[in-house]
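Written below as C-alpha cells is the structure these notes are about.
Values quoted throughout were computed directly from the atomic coordinates according to the rules given, and no laboratory measurement underlies them. This one's a predicted model, so the numbers in the text were calculated from it and none came from an experiment. Note that we place each Cβ from the backbone using ideal geometry, even for glycine, and neighbour counts take in every protein chain shown.
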Amino acid sequence: MEWVEGTKLSEQESIAAQGLDILQLVDVGIQCSLRQLLEHGFFHADPHPGNLLATPDGRLAFLDFGMMSDTPVTARYAIINHVVHLVNRDYDAMARDYYALEFLDESVDVRPIVPALAEFFDDVLEASVSDLNFQTITNGLGAVLYQYPFNVPAYYALILRSLTVLEGLALYTDSEFKVLAKAYPYFARRLLTDPSLQLRDALVELLFVNGQFRWQRLENLLKEGGKNDQFNAKDVIQPVLDLVLEDTEENTLRPLVEAETIRVAEALLLGQLIEGRNNLTTDSNPLLAALPAPLRSQINLSSPMSEEEEKAIMELRGQVLRVWTLLSSSKGFDPSVLEPLLQIVQDSKVQRFGERIAGGVASKFTARAVREVLRQTAGSTTGSSKRAV
C-alpha cells in the first residue's frame, strides 16, 4: 500500500483552484487507458472520478486496482484493425473483425450484418473525428448488434465502461469534449510507427485502396499522430523503408510503391514546369538528374498540358509536399534515416529498385513526348487540309 497525495477528479473546483487543467488530466487518463488496453493488455477497469487523483505537481494517479482486466493479444490488433476498416468503410472486413474480437463464433455467417453496419456507420462517418461522440456511437452500434447473435466478451464490456466513464467526466466540464478525437492521435501513431506485422498490414490496407495510394490519409495520419507525445518521425520512416526495400517475391507492397514513386516523380518535375520554372537544372531538381540526358529536354514541352492534367499534377504535388513538410518538421526527424535510398550505387537490391523507378519515370516522359509529337503532327495535317480546301 502507498499513500498518494492528491485531489479526486470529481472535485473539479478544487482542481481548478490549484491551477490544474481538468481536461488535460482527463486526456492523460485516456492516453494511459489506451496504452494499457492496446499495448500492455492489462488495464484498470474502474477509472471513475473517485479512483483518479490529480497530484499537486499536475500528474494523474490511478487508485484502487481491485477491478482489472486483460485484453487478449489478438483483440488488441483486432481493435486497431477495426478502426482501419471503419475509416475505409470496409464493412465486410469490419464484420469479419468480430471473429477476432470474439463477438461471434466463426460458424456464424456475418454477411447479413454488413448492410446494418453500412446503414449505421455511413451516417456516423459524415461527421469529422472531432465531432464524434463515443457514447452515441457505442449506443448506436449496440442497437445494431442487438439484432444478431453477438456475445460481448467481458474484457470488451469493461473497455467500453472505462472509456465511457472518462468521456462522461470530461463532458461534465466541457459539453463539446470528444473522447474519440483525443484517442485518434494514439491510433494514428500506432499505425505509423508500430513495427509489428499486423499493424504494418493494417497501415498498407489504410493507405493503398484498390492499388491507389491515398496521400490525404497519410497527411491526416501524420497530423493526428504528431499530436501524440510518443510520436517520433524516425519510427515512421524506418519501418516503411524496411518494407519498401525488401526485395522478395512476397513483398506485394513494393510494386505499388514503385508505381506511386514514378507518379510522384512526374508530378514534382512537371509541377515546377507548370509553375513557370521552365529552366530546370539538375542542381535545382535532383529528380531531373535521375533521367537519361536525352530525356531531360523532353520535360520542357512547348505545348501546354490540358487543364485536367495540370490540375491532377498540381494536386498530387501539393499533397506530397505537405506530407514532406509534416514529416520533416516532426519530432525526431533525422535526414540520415533516408540514407538507404542514397545507396543505389552500392547495394544491388536497392540499385534494382532505383533503376526501376528511374526507368519508369523515363518511360512516362517518353510517352508524353510521343503524345506531343502526335498532337503536333495532327495539328499540321489539319492545317494542310484546310489550306487545300
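Observations on the model:
- Förster radius 25 Å - calculated FRET efficiency between VAL114 and ALA259, Cβ distance, rounded to 0.05: 0.25
- Cβ-based exposure ranking for HIS44, HIS82, in which fewest neighbours within 10 Å come first: HIS82, HIS44
- The TYR99 and ASP70 beta-carbon pair, evaluated with R₀ = 22 Å, returns a calculated FRET efficiency of approximately 0.70.
- Subtracting the Cα-Cα distance of VAL209 and ASP229 from their residue separation scaled by 0.36 nm leaves 4.3 nm.
- Exceedance of the 25 Å cut-off in Cα-Cα distance is limited, within the set LYS178/LYS234; LYS8/LYS227; LYS178/LYS227; LYS227/LYS311; LYS182/LYS234, to LYS178/LYS234; LYS8/LYS227; LYS227/LYS311.
- For the stretch 29-87, chymotrypsin sites (Phe, Trp or Tyr not before Pro) meeting the loop criterion (DSSP other than H, G, I, E, B) and having at most 14 other Cβ atoms within 10 Å: PHE65.
- Treating r as the C-beta distance of VAL124 and GLU308 and R0 as 45 Å, the FRET efficiency rounds to 0.85.
- Annotation: extensible slack from LEU321 through THR55 equals 91.4 nm (criterion: 0.36 nm per residue apart, minus Cα-Cα distance).
- Sorting 21-27, 139-145 by their mean Cβ neighbour count within 10 Å, with the most densely packed peptide first, gives 21-27, 139-145.
- The distance between label points at ASN88 and GLN24 comes to 3.9 nm (points 7 Å beyond Cα on the Cα→Cβ vector).
- Projected label distance in nm at ASP201 and LYS8, using a 7 Å step from Cα toward the beta-carbon: 4.6
- Spin-label proximity, ASN151 to the stretch 92-116 - amide N less than 19 Å from point 7 Å beyond Cα toward beta carbon: 95-111, 113
- Peptides 33-41, 52-60, 322-330 ranked from most to least packed give 33-41, 52-60, 322-330, packing being the mean of other C-beta atoms within 10 angstrom over each peptide's residues.
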